[in-house]
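Here's the structure, in structure tokens; my notes come after.
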Amino acid sequence: MTIITLPPSCTELLLNHLGGRWTAGTGDATPLFDPVLGTELVRVDATGLDLSGGFEHTRRVGGTALRALTYRARAGLLGAIGKVLQANRDAYYEIATANSGTVKNDSAVDIDGAIYTLGTYARLGDALGDRRTLLDGDATPLAKGGAFGSQHVQVPVQGLALFINAFNFPAWGLWEKAAPALLSGVPVVVKPGTSTAWLTQRMVRDVVEAGILPPGALNIVCGSSAGLLDALRPFDVLSFTGSADTAALLRRHPAVAERSVRVNIEADSVNSAVLMPGAVPGSAAFDLLVKEVAREMTVKSGQKCTAIRRIFVPEALYDAAAEAIGARLAKTTVGNPRNEAVRMGSLVSRAQLRSVQDGLATLQQHAQTLFDGRGAALIDADPAIAACIAPVLLGTRDADGTDIVHTTEVFGPVATLLPYRDAAHARALVARGEGSLVCSLYGEDGADSAHALADTALDLAASHGRVHVITPEVATLQSGHGNVMPQSLHGGPGRAGGGEELGGLRALNFYHRRAAVQGSAAVLGGVQASA
Ligand code: NAP
């Protein structure tokens, strides 16, 4: 008798899109799981893809077609992509619930954040008009009388943009990069973080099937990153989001180190929130800090690169702040995101849960636990299966001597409270993060306070991509410490990776080459007329 062994898994194998066709990997596929229920959802595999041929098709077919369009026409494509995503929004929310374990509000940060970002770039791009080249400043004379001069221009790079993305933003992480790339006329290959690749793949599938973009303009490789960097050529660009360790590997790869592939890195970051000197418990600034810290710790279960990890308060307010933040965190119900009573879902995987538990245990050796929500039962979720963890607030009065709290990013609902003596001490402690994505400041209204806040913001600007200043008069208008707005810069120096994304049309710089054209006034006039 012949015994037929059935494959252990029968979930859908997601296809890759490269070289103008949808292709299944030929190796052992990697399963993606529901992090709350533990069930297998789909599988991914990139084995056997012709990366070199696919990348060449992307450059030649996708790049040529995109560059033939004007900025306004490409802006129109972004608007059309936004409509496709809007039409399929319900399916994306279902995938996010199943694969990322997020409650609806947290899925919105990713999905609606992506749609909003596309819409913003569609508007910005439309204003660039019907041209294919951007001028960079005015012509400068290089000879007496201006008969010979120099005009700087920005032209789209004639390569592809490879995005290697993190697991925490499968939707926004694609479109916040793809919107400026496509608007610039540069075709895209995205490799999403594997554990949550389903949502990215579904969005790419919907957009490709809608036939909006020219063939070759949008591609996806799901699964292993093996061989992706080897296939890059000198005019390609690489945009990476993820851990500092992987970033270091990419920086050393011959594509970057020898072939000068332009690279942008968004890595981890130990972001801060600072309550300004002179605040008192119960003041508006105090309450705003407490509210924002609790929100930041719990949105997406703390899996935001911009989340607040260090909280600095005047030393006299240490106990009051610990109590107030703890009281807010105590209201956070944790468990199955399908249950209406749940405010915070799960981490993206059991592997992430272990990583958060390990990081937390390390920090707990150096800091006190001021609030620990882990005593409460999970709602509708089995702790032996679900990747859920409740928020934990740590603290130490020795902010100077506890180096580890300034250098450790626990990628979950964990933050550390730290006291400071005076304004100079607070700034010095914030700088111990060695470069972060964002710092938020909390102060009162009024001229003196505004002066101190502006002064502090400018000082911290040297070590941050963004300084978010909250005062009572903007309390209901402000966009949120951790929310990345497409109009504002995203990225930070030092350990945050040294990258720059978004910031309105500034994002286009990464996807363009600046060059100087030198020639007669007539030649420069021709360059200006075509731009
Ligand atoms: P990660 O392990 O570095 O992975 C990031 C991406 O790199 C994934 O797509 C991963 O693929 C891929 N990758 C892993 N090893 C690689 C290699 N040797 N060569 C090429 N690609 C490789 O980071 P993560 O754990 O997914 O993400 C969490 C981290 O990202 C956190 O530290 C967070 O702070 C940071 N982050 C930063 C930002 C920002 O904007 N600054 C935003 C979000 C997250 P696989 O998934 O297949 O391993």
Show me the strands (runs of 3 or more DSSP E) found entirely inside segment 335-443 where at least 2 residues are among the β-branched types (V, I, T) and either in contact with a Cys (Cβ under 9 Å, 6 or more places away or on another chain) or in contact (Cβ under 8 Å) with a residue 24 or more places away in the chain (or both). 414-420
Is it fair to say V208 is more than 16 Å from the ligand (Cβ to nearest atom) and part of a helix (DSSP H, G or I)? yes
Which residue pairs have Cβ atoms closer than 7 Å, lie 6 or more positions apart in sequence or on different chains, and pair a first residue in segment 479-506 that is touching a residue at least 40 places away in the same chain (Cβ under 8 Å) and assigned to a loop (DSSP other than H, G, I, E, B) with a second residue that is more than 12 Å from the ligand (Cβ to nearest atom) and of a type in the set (S, T, Y)? H481/S440; P486/T117; P486/T120; P486/Y121; Q487/T120; P493/S463
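Does S243 satisfy the condition of being more than 19 Å from the chain's Cα centre (by Cα), surrounded by fewer than 21 Cβ atoms within 10 Å (Cβ to Cβ), within 16 Å of the ligand (Cβ to nearest atom) and under 27 Å from S269 (Cβ atoms)?
Details: more than 19 Å from the chain's Cα centre (by Cα): no; surrounded by fewer than 21 Cβ atoms within 10 Å (Cβ to Cβ): yes; within 16 Å of the ligand (Cβ to nearest atom): yes; under 27 Å from S269 (Cβ atoms): yes.
In short, no.
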Let me confirm something: among T47, T30, T70, which residue is in contact (Cβ under 8 Å) with a residue 60 or more places away in the chain, in contact with a strand residue (DSSP E or B) (Cβ under 6 Å, 6 or more places away or on another chain) and among the hydroxyl-bearing types (S, T, Y)? T30
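Kindly provide the set of residues from segment 301-320 that are over 20 Å from A424 (Cβ atoms) and either part of a loop (DSSP other than H, G, I, E, B) or out of contact with any Pro (no Cβ under 7 Å at 6 or more places or on another chain) (or both), ordered by number.
Once the filter is applied, which keeps residues that are over 20 Å from A424 (Cβ atoms) and either part of a loop (DSSP other than H, G, I, E, B) or out of contact with any Pro (no Cβ under 7 Å at 6 or more places or on another chain) (or both), segment 301-320 yields Q303, K304, C305, T306, A307, I308, R309, D319.
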Conditions first: (1) hydrophobic (A, V, I, L, M, F, W, C); (2) surrounded by fewer than 17 Cβ atoms within 10 Å (Cβ to Cβ); (3) at pLDDT 95 or above; (4) in a loop (DSSP other than H, G, I, E, B). V280 passes all but one, so which condition is the exception? (3)
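From the list R123, R131, which one is of a type outside the set (A, V, I, L, M), touching a Lys or Arg at 6+ places or on another chain (Cβ under 9 Å) and either outside any loop (DSSP other than H, G, I, E, B) or farther than 27 Å from G19 by Cα (or both)?
Of R123, R131, the one residue that is of a type outside the set (A, V, I, L, M), touching a Lys or Arg at 6+ places or on another chain (Cβ under 9 Å) and either outside any loop (DSSP other than H, G, I, E, B) or farther than 27 Å from G19 by Cα (or both) is R131.
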Selection from segment 513-531 of residues that are more than 29 Å from V261 (Cα to Cα) and either among the hydroxyl-bearing types (S, T, Y) or in contact with a His (Cβ under 8 Å, 6 or more places away or on another chain) (or both): S520
If the requirement is being over 26 Å from A29 (Cβ atoms) and modelled with pLDDT under 95, which of these qualifies: A244, A217, A210? A244
Looking across segment 58-108 at residues that are within 21 Å of the chain's Cα centre (by Cα) and not in a helix (DSSP H, G or I), the single one that is surrounded by the fewest Cβ atoms within 10 Å (Cβ to Cβ) is V103
Scanning segment 183-205 residue by residue, the ones that are over 28 Å from G129 (Cβ atoms) and more than 15 Å from the ligand (Cβ to nearest atom) total 3
Residues that are within 16 Å of the ligand (Cβ to nearest atom) and either in contact (Cβ under 8 Å) with a residue 40 or more places away in the chain or closer than 27 Å to G113 by Cβ (or both): does segment 275-289 have at least one? no
What residue, of A424, A462, is surrounded by fewer than 24 Cβ atoms within 10 Å (Cβ to Cβ), of a type outside the set (D, E) and within 24 Å of K304 (Cα to Cα)? A462
I'm trying to understand the selection: among the residues of segment 507-519, which are among the hydrophobic types (A, V, I, L, M, F, W, C) and assigned to a helix (DSSP H, G or I)? A507, L508, F510
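Could you tell me which of the residues A257, A248 is farther than 30 Å from D455 by Cβ, within 15 Å of the ligand (Cβ to nearest atom), without any contact (Cβ under 8 Å) to a residue 12 or more places away in the chain and over 23 Å from the mean Cα position of the chain (by Cα)?
A257
Mind listing whichever residues of segment 295-322 are more than 16 Å from the ligand (Cβ to nearest atom) and closer than 30 Å to A247 by Cβ?
Kept after step one, since they are more than 16 Å from the ligand (Cβ to nearest atom), are these residues of segment 295-322: 295, 298, 311-322.
Once the filter is applied, which keeps residues that are more than 16 Å from the ligand (Cβ to nearest atom) and closer than 30 Å to A247 by Cβ, segment 295-322 yields R295, T298, I311, F312.
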Just one of the numbered conditions (1) touching a Phe, Trp or Tyr at 6+ places or on another chain (Cβ under 6 Å); (2) closer than 22 Å to G242 by Cα is not true of M485; which one? (1)
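Would it be correct to say that G223 is part of a loop (DSSP other than H, G, I, E, B), near the ligand (Cβ under 10 Å from one of its atoms) and within 30 Å of M344 (Cα to Cα)? Give the steps one after another, and end with the answer.
Working: part of a loop (DSSP other than H, G, I, E, B): yes; near the ligand (Cβ under 10 Å from one of its atoms): yes; within 30 Å of M344 (Cα to Cα): yes.
It is true that G223 is part of a loop (DSSP other than H, G, I, E, B), near the ligand (Cβ under 10 Å from one of its atoms) and within 30 Å of M344 (Cα to Cα).
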Filter segment 30-44 down to the residues that are in contact with a Leu (Cβ under 9 Å, 6 or more places away or on another chain), surrounded by fewer than 22 Cβ atoms within 10 Å (Cβ to Cβ) and not in a strand (DSSP E or B) and list them by number. D34
Scan segment 339-376 for residues that are of a type outside the set (S, T, N, Q) and over 14 Å from G412 (Cα atoms) and jot them down. E340, A341, V342, R343, H366, A367, L370, F371, G375, A376
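Residues are listed down the side, and each one gets a yes or a no for (1) part of a loop (DSSP other than H, G, I, E, B); (2) in contact with a Cys (Cβ under 6 Å, 6 or more places away or on another chain); (3) closer than 21 Å to G62 by Cα:
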site: G159; (1), (2), (3): yes, no, yes
site: F167; (1), (2), (3): yes, no, no
site: P170; (1), (2), (3): yes, no, no
site: E176; (1), (2), (3): no, no, yes
site: L183; (1), (2), (3): no, no, yes
site: V186; (1), (2), (3): yes, no, yes
site: V189; (1), (2), (3): no, no, yes
site: T196; (1), (2), (3): no, no, no
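Out of L429, L453, L460, L437, I need the residue that is closer than 22 Å to G282 by Cβ and at pLDDT 95 or above. Which one?
L453
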Go through (1) crowded, with 24+ Cβ neighbours inside 10 Å; (2) at pLDDT 95 or above; (3) outside any helix (DSSP H, G or I) one by one and return the number of the condition S269 breaks. (2)
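The values are calculated or read from the model by the stated rules, or taken from the named source; none is laboratory data. All of these numbers come straight from a predicted model, not from anything done at the bench. All Cβ positions, glycine included, derive from the backbone under ideal geometry; neighbour counts span all protein chains shown.
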